[in-house]
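> First the structure, which I've put down as structure tokens, then a few questions once you've had a look.
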Amino acid sequence: MGGERNGDVEKTTIMIPQVKFTKLFINGEFVDSISGKTFETIDPRSEEVIAKVAEGDRADVDSAVKAAREAFDHGPWPRLPGSERGKIMLKLADLIKENIEELAAIETMDAGNLYSLGKMMFVNDGAQVFRYYAGAADKIHGETLKMSRELHGYTLLEPVGVVGHIIPWNFPTQMFCMKVAPALAAGCTMVVKPAEQTPLSALFYAHLAKLAGVPDGVINVVTGYGPTVGAAISSHMDIDMVSFTGSTVTGHRIMEAAATSNLKQVCLELGGKSPFIVFDDVDVDKIAPLALNACLFNQGQICVAGTRVFVQEGIYDKFVERLLEELKAWVVGDPFDPHVNQGPQVTKKQYERVLWYIELGKKEGATLLTGGKPLDRKGYYIEPTIFTDVKDDMTIAKDEIFGPVMSIMKFESMEEVIKRANNTKYGLAAGIMTNNINTANTVSRSIRAGSVWINCYFGFDNDAPAGGYKMSGFGKDLGINGLHKYLQVKSIASTPIYNSPWL
Ligand code: NAD
């Protein structure tokens, strides 16, 4: 294939892999859906069909849950010593690394993620998540209790059971690995539903898991749509927990389905509208490029995108000028091209939705500083777009757009910006740019969000729990918290003396 650079003559030559896995993965086998139906997955660069993928339904979810239930209730996985589970997970991490180019290319075709970042970051990070949790699998400890009566007491941490993972399309690899690795380490079995827009990589990972030695039935993948496969998972009576990442709207539905079925545990990682706060003591030359990346990374399709950029009045003009300067070197184009900063939006629907918000921003009275148009070429490409004169109550300042659209707002004081940054239903992340330690400390403690990054952005790490406050959800991915959500606590008490008079 070739990647073009904004009309440039430069071409790249990357082998597009053949799609090998398009069927459901149930009980260790690739199978057709019971209905025999398929759906198309589209390349956002060309708007062409990449492959037809098995379209699962409630009956396929039943079959996947049956396999996962059997593997949990009677299979070896939950009963293996943690160190043995860890060994298999390390093998899986090795296999991911061995297939890194193919996996990165699949994500570029299916999701429009940058290929260079796929290799360096997304798939590589996926392997690292398996390594991190492989190391934790034999360190799952309970506590010895100090009982008030003559009893020996201790707690056991046990796997929660069969988990349903429902994941979105923006980072298919990382979402899969971040959910599956801790659940595997805990000893759970699972049914994974990748997003219908990006179903391919989850099937590839399931294949690698089998090669690594994960027993049949432990990981099952059912591809298909949210209202069918997703709804069947969240309402299933034999699933013990749903771990979901996606929109707040779907989060409501999943919680309702859990509440009206078997009261399964629910963990929700939802949307965001994160503030990126720039105080006037910073070096604008350093912070402007960071702000751009915080908003535009992955085409703006990242839940923690720093889309509300608050800039203190003393440096406001200089900051805006510097942003425009930076944008001159920002390249939109084929995500296989290593020179490209921004690829296409994932689907036509998302592309149209982003353009709709841009029009709304203009109608609401914000000033369109730059961008705002689709690129004149095939594929779902949109110019990086910056609005100034944005008011806090404008829709573009309140809704999660999930595209390359930044809103810049001016502020005077720290107290004012804390109030305005918190004036959102979301609470996923925040960036604070300042050289003043008192400002950094005060603002980081005052912001109601699950991750706060000071003088950096996307400060993710395998050891750093990530997740929301408020309507951005609850429960954490990553870190030891990300493992503990797949464990439940059993309290055990015994008498030290047979026939104790105490009992
Ligand atoms: P979405 O909620 O539409 O879809 C996410 C997943 O839910 C998909 O697999 C989809 O098929 C499934 N789904 C849809 N309807 C369902 C239903 N009724 N029942 C069960 N499952 C259903 O979200 P999206 O548009 O695909 O993804 C973008 C959203 O995800 C954004 O809001 C973004 O902020 C959020 N997100 C959050 C995080 C985080 O960590 N907090 C990370 C990435 C994305």
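> For region 383-413, which residues satisfy the criterion of being without any contact (Cβ under 8 Å) to a residue 40 or more places away in the chain, farther than 23 Å from VAL249 by Cα and out of contact with any Ser or Thr (no Cβ under 9 Å at 6 or more places or on another chain)?
LYS391, SER413
> Counting only residues that are more than 12 Å from the ligand (Cβ to nearest atom) and buried (at least 18 other Cβ atoms within 10 Å of the Cβ), give me the strands (runs of 3 or more DSSP E) lying completely in region 237-321 with at least 3 of them.
Numbers: elements: 241-245, 265-269, 275-278, 308-312.
Here the list reads 275-278, 308-312.
> Filter region 215-227 down to the residues that are surrounded by 18 or more Cβ atoms within 10 Å (Cβ to Cβ) and near the ligand (Cβ under 9 Å from one of its atoms), then identify the one that is farthest from PRO168 (Cα to Cα). Break it down stepwise before answering.
Here is the first cut: in region 215-227, the residues surrounded by 18 or more Cβ atoms within 10 Å (Cβ to Cβ) are 217-224, 226.
Those left that are additionally near the ligand (Cβ under 9 Å from one of its atoms): 224, 226.
Values: GLY224: 12, GLY226: 10 Å.
Only one residue fits best here, namely GLY224.
> Mind counting the residues in region 369-428 that are under 19 Å from LYS349 (Cβ atoms), within 16 Å of the ligand (Cβ to nearest atom) and of a type outside the set (Gly, Ala, Ser)?
9
> Hey, another quick one. Quick one: which strands (runs of 3 or more DSSP E) lie wholly within region 149-220 and hold at least 3 residues that are touching a strand residue (DSSP E or B) at 6+ places or on another chain (Cβ under 9 Å) and among the β-branched types (Val, Ile, Thr)? Break it down stepwise before answering.
On the way: elements: 152-159, 162-166, 189-193.
Of the strands (runs of 3 or more DSSP E) lying wholly inside region 149-220, those with at least 3 residues that are touching a strand residue (DSSP E or B) at 6+ places or on another chain (Cβ under 9 Å) and among the β-branched types (Val, Ile, Thr) span 162-166, 189-193.
> Is it the case that ILE358 is β-branched (Val, Ile, Thr) and either assigned to a strand (DSSP E or B) or without any contact (Cβ under 8 Å) to a residue 24 or more places away in the chain (or both)? So that I can check it myself, show each step before the final result.
Numbers: β-branched (Val, Ile, Thr): yes; either assigned to a strand (DSSP E or B) or without any contact (Cβ under 8 Å) to a residue 24 or more places away in the chain (or both): no.
The answer is no for ILE358.
> OK, next. Between a residue in region 247-260 that is farther than 13 Å from PRO227 by Cα and outside the structural domain of ASP399 (by TED's automatic domain parsing) and any residue that is more than 6 Å from the ligand (Cβ to nearest atom) and at pLDDT 95 or above, which pairs come within a Cβ distance under 6 Å, given they are 6 or more apart or on different chains?
Every condition considered, the pairs that remain are THR248/MET471; MET255/VAL266; ALA258/LYS264; ALA258/VAL266.
> Out of (1) away from the ligand (no atom under 12 Å from the Cβ); (2) assigned to a loop (DSSP other than H, G, I, E, B), what's the single condition that is false for GLU326?
Status for GLU326: all satisfied but (2).
> Hey, could you check region 463-493 for residues that are in a strand (DSSP E or B) and within 13 Å of the ligand (Cβ to nearest atom) and say which is farthest from CYS267 (Cα to Cα)? I'd like the intermediate steps shown before the answer.
So in region 463-493, the residues in a strand (DSSP E or B) come out as 466, 473-474, 477, 487-493.
Narrowing the set further to residues that are within 13 Å of the ligand (Cβ to nearest atom) leaves 466, 473-474, 477.
Details: ALA466: 12, GLY473: 8, PHE474: 6, ASP477: 9 Å.
The extreme case among them is ALA466.
> Further, regarding this structure: Name every residue in region 166-175 that is crowded, with 24+ Cβ neighbours inside 10 Å and within 15 Å of LEU103 (Cβ to Cβ), in order of residue number.
Once the filter is applied, which keeps residues that are crowded, with 24+ Cβ neighbours inside 10 Å and within 15 Å of LEU103 (Cβ to Cβ), region 166-175 yields PHE171, PRO172, THR173, MET175.
> A further question follows. Taking region 361-406 as the search range and keeping residues that are among the hydrophobic types (A, V, I, L, M, F, W, C) and part of a helix (DSSP H, G or I), which one is surrounded by the fewest Cβ atoms within 10 Å (Cβ to Cβ)?
Among residues in region 361-406 that are among the hydrophobic types (A, V, I, L, M, F, W, C) and part of a helix (DSSP H, G or I), the one surrounded by the fewest Cβ atoms within 10 Å (Cβ to Cβ) is ALA397.
The values are calculated or read from the model by the stated rules, or taken from the named source; none is laboratory data. Values in this document were obtained by computation on a predicted structure and should not be read as measured data. A quick note on method: Cβ atoms are made from the backbone with ideal geometry, for glycine too, and the neighbour counts reach across all protein chains shown.
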